[in-house]
Amino acid sequence: MFVRDYYRDMDQVAEILARDFSTAYKQPAERSGRPILSPERSLGSVIKLLTVSSDYNEEYNEWLRNLPQTIRQLVFTVKRYYRPEWGENWREHFTVDRINGFLGHELKYDNQKLVGNYLRVGFDPQGSWRIYKLRPDFHPAGKVQVEDDIAVSVVVPRQGLKDFDTKYPNRSAKLVENCEAFLFQRPDDAIHRGFDAQAAADIATPGTFLSNFEPLTKAQAKAMVDHVVEFDQYTEPMQALLRSFVSEAKVAYAVSSAYPRMVDGRPSKNPRYLQKRPDLVDPLAS
């Protein structure tokens, strides 16, 4: 989490927190005047309050359009961590370090670094990532694979299921079980070094079945390792794989997650590998 000018930015946040928002609505309601830090207003409500909407009058919407995105995110951050017992002393919980006598730009909460959640949605025309900041209380869900190409199912009478929820009136139930120990993955994003950390870790694991990855010679791998700037973009598992191949490998070839097999002078669009099912690798998580 970054700030441009700590004191100036926090002054702006303080002004927003003290603002009366009851005048922002076209049709003010009884609850529209709740302060941002009130326990009666959720983080989602604050996000909605600082987002342009047809519920607000044009003057307020114009103020929102001119509100710097960095200030908006700071308000969300303060709301996310605020505790009622702080009262008006919320500022003392947020700081930045001094570097060479000047204020830094990395925001800290009770002297701990804050880590933001971001989501990439495609690339811009120049190839740079398009990044969007997620709300401070966002926590990603994990997908649990339950059915793919190989699954078995059976329909049974509900009375045979002792733990079947009684609120469902169904007379029968269909049970599905995935029979696959591995998933045939196509890691399209792995061609960007360091982007698909899971695929890179899987591909660097000994014994992994690979298809349509370019077999790299030791000379090719050494050239990659020596190109420090690009090599540093790889994840640690892929760096370790290529380094060990160059220094002590007893095999003729290795692969890189970023190098699909060359077919007729072009990289294949269909690199694949077998990934051990994540819920089998870490059953406790699911």
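The values are calculated or read from the model by the stated rules, or taken from the named source; none is laboratory data. Bear in mind the structure is a predicted one, so any value in this text is a computation, not a measurement. Here Cβ is always computed from backbone atoms with ideal geometry, including for glycine, and neighbour counts include all displayed protein chains.
Filter segment 213-242 down to the residues that are over 30 Å from Ile131 (Cβ atoms) and either without any contact (Cβ under 8 Å) to a residue 40 or more places away in the chain or within 28 Å of the chain's Cα centre (by Cα) (or both), then identify the one that is surrounded by the fewest Cβ atoms within 10 Å (Cβ to Cβ). Let's see the steps before the verdict.
If we filter segment 213-242 for residues that are over 30 Å from Ile131 (Cβ atoms), which is where we start, we get 215-223, 226.
Filter once more, so that each one left must be either without any contact (Cβ under 8 Å) to a residue 40 or more places away in the chain or within 28 Å of the chain's Cα centre (by Cα) (or both): 217-223, 226.
On the way: Thr217: 12, Lys218: 15, Ala219: 8, Gln220: 16, Ala221: 22, Lys222: 16, Ala223: 13, Asp226: 10.
My answer is Ala219.
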Quiz item: So is Val281 touching a helix residue (DSSP H, G or I) at 6+ places or on another chain (Cβ under 9 Å) and of a type in the set (Val, Ile, Thr) or not?
Solution: no
Practice problem: State whether one or more residues within segment 182-193 are farther than 28 Å from Leu119 by Cβ and in a helix (DSSP H, G or I). | Solution: no
Quiz item: Which of (1) closer than 21 Å to Ser128 by Cα; (2) in contact with a Ser or Thr (Cβ under 9 Å, 6 or more places away or on another chain); (3) surrounded by fewer than 16 Cβ atoms within 10 Å (Cβ to Cβ); (4) of a type outside the set (Val, Ile, Thr) is the odd one out, the single condition Asp196 does not satisfy?
Solution: (3)
Self-check item: Scope segment 1-33; condition crowded, with 17+ Cβ neighbours inside 10 Å, among the β-branched types (Val, Ile, Thr) and at pLDDT below 95; matching residues
Solution: Val3
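For segment 165-181, what are the residues that are surrounded by 14 or more Cβ atoms within 10 Å (Cβ to Cβ) and part of a loop (DSSP other than H, G, I, E, B)? Lay out the reasoning, then the answer.
Taking segment 165-181 and keeping what is surrounded by 14 or more Cβ atoms within 10 Å (Cβ to Cβ), we get 173, 178, 180.
Across segment 165-181, the qualifying residue is only Glu180.
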Quiz item: Taking into account only those residues within segment 95-138 that are surrounded by 10 or more Cβ atoms within 10 Å (Cβ to Cβ) and among the small types (Gly, Ala, Ser), which is farthest from Asp189 (Cα to Cα)?
Solution: Gly104
Self-check item: segment 48-69, subset surrounded by 15 or more Cβ atoms within 10 Å (Cβ to Cβ) and under 19 Å from Phe138 (Cα atoms), residue farthest from the chain's Cα centre (by Cα)
Solution: Leu49
Quiz item: So Ala141 clears everything in (1) surrounded by 12 or more Cβ atoms within 10 Å (Cβ to Cβ); (2) outside the structural domain of Tyr81 (by TED's automatic domain parsing) except one condition, right? Which one?
Solution: (1)
Practice problem: Could you grab the pairs with beta carbons closer than 7 Å, sequence gap of 6+ or different chains, first residue in segment 31-57 and farther than 16 Å from Ile71 by Cβ and without any contact (Cβ under 8 Å) to a residue 24 or more places away in the chain, second one of a type in the set (S, T, N, Q) and surrounded by 12 or more Cβ atoms within 10 Å (Cβ to Cβ)? | Solution: Ser32/Ser22; Gly33/Ser22
Self-check item: Qualifying positions in segment 60-103 - among the hydrophobic types (A, V, I, L, M, F, W, C), touching a residue at least 60 places away in the same chain (Cβ under 8 Å) and touching a strand residue (DSSP E or B) at 6+ places or on another chain (Cβ under 8 Å)
Solution: Val78, Phe94, Val96
Quiz prompt | Yes/no for Val246 being over 22 Å from Phe195 (Cβ atoms) and buried (at least 17 other Cβ atoms within 10 Å of the Cβ) | solution = yes
